[in-house]
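Undergrad: Okay, here's the structure, questions in a sec.
What follows draws every value from the coordinates through simple rules; no lab data is involved. Everything numeric here is computed off the predicted structure, so don't read it as measured data. Don't worry about glycine lacking a Cβ; one is built from the backbone with ideal geometry, like all the others, and counts go over all protein chains shown.
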Amino acid sequence: MFSPKGYNYTDPAPLEPDGPPKTGLRRFLEIVSQEAAALLKLNLMFLLSCVPVITIPPAVLALNRTIRRMAADRPARSWPGYWEAFKEGWKRSYAAFLLTVLPLAAAGYGARFYLGFVSSNPAFYLPFMLCSTVFLAGLLASSYLYGLLSDGRPLNRETLRLSLRLGLGRPLRAVLAAAGWYGPLAVSVLWFPLSGGYLMLMGFTLPCLLAQFFLRTVLEQCGETD
C-alpha cells in the first residue's frame, strides 16, 4: 500500500508465537501470578461470607465457580462474579452439600464402626469394605460434582451420574483435586495459629485453584456450559 507521500508500506509480518502453551506447574504458577490480586480479594470475600456459618455451602460453590473461570482461562470478575455466583447458585449449593457430606459422613462412620469388630469377627469385614467403597466413590464423585456445577451445570440426575462415572473412570484427577483442596487446609489447621496469615490471604483460594487446575482437562472434555 502506498502512502500519500509515495512511501511503500507493507503489512507487518505475523508475530511468531513464543512457544507451546504452558502446562503443568508452569501454567499454574502463571495463573497465580496473573490473578494474585483477585485471589486475595476472593479469599477475603469467602471468609466474610462464611461468617454466618449457614452460608458456607453457597460460599464454597461460589468460590469454585469463580476459580473455575480462572483455571479455564475465562474472564473472571472477582467481586461481582463471586456474589453473582453466590446468589445464583445457593439452592444448588445446599443440595450438593447434603448429597456429598451426608453419604461421606455415614460411610466414614460405618467404616470406622465395623472396623472395630473385624478383629473379633471377620464377618464384619464385608460391611467395612462396603462402607469404605461407598466413602471412596463418594469422595471421588464429589470432586467432579463441584467441578461440573462450577461450569454452570444444573444439579440433576444426569450431572450426578456423570460425576460418579468420572470419579470411577478418571479417579487420578479426582484424587489429586481432593488432595489439592483438603491437603493444604489440613496442614493449615494443624499449624494454626502460625498459619493464620496464610489462611487470611490465600488459604482457601489457592487450594481451590489447585483442585480446579487438576480437573480442568477432564471438565473441558465434558463441554463447558457456563
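Undergrad: Quick one: work out Rg over Rh on the C-alpha atoms of the range 42-90, Rh as Kirkwood radius.
TA: Radius of gyration over Kirkwood radius for the range 42-90 works out to 0.96.
Undergrad: Can you give the angle from 0 to 90° between the axis of helix 171-190 and the longest principal axis of the chain, with both taken from C-alpha atoms, to the nearest 10?
TA: With rounding to tens, the tilt is 80 degrees.
Undergrad: Expressed as an acute angle from 0 to 90° and rounded to the nearest 10, what is the orientation of the C-alpha long axis of helix 78-88 relative to the principal long axis of the chain?
TA: Roughly 50 degrees between the two axes.
Undergrad: Taking 0.36 nm per intervening residue step and subtracting the Cα-Cα distance, what contour gain separates Glu30 from Lys91 on full extension?
TA: Between Glu30 and Lys91, full extension yields 18.6 nm more.
Undergrad: Now for a different question. Using alpha carbons only, how many degrees (0 to 90, rounded to 10) separate the axis of helix 24-34 from the longest principal axis of the chain?
TA: Tilt of helix 24-34: around 70 degrees.
Undergrad: Just to compare against my own numbers: the Cα pair-distance distribution for the chain, 10 Å bins, whole % per bin, please.
TA: 7, 27, 31, 17, 9, 5, 3, 1, 1, 0
Undergrad: Where does the chain land at 222 nm, in deg cm²/dmol rounded to the nearest 500, when only DSSP H runs of n ≥ 4 count, each adding -39500 (n - 2.57), divided by all residues?
TA: Theoretical 222 nm ellipticity from helices: -24000 deg cm²/dmol.
Undergrad: Here's a follow-up. Pop a pseudo-label 7 angstrom from the Cα along the beta-carbon direction at both Ala105 and Thr133 and give the gap in nm to one decimal.
TA: Between Ala105 and Thr133, the simple spin-label model gives 2.5 nm.
Undergrad: Starting from the 7 Å offset along Cα-to-Cβ, what nm value, one decimal, do you get for the label separation of Leu48 and Asn121?
TA: 5.6 nm
Undergrad: Need one number for the range 109-180: average projected area of the convex hull over its C-alpha atoms, nm².
TA: Average projection, Cα convex hull of the range 109-180: 5.7 nm².
Undergrad: Right, here's the next one. For a label point 7 Å from the Cα of Phe113 along Cα→C-beta, name the residues of the range 135-179 whose backbone N is under 16 Å from it.
TA: Inside the label zone: 135.
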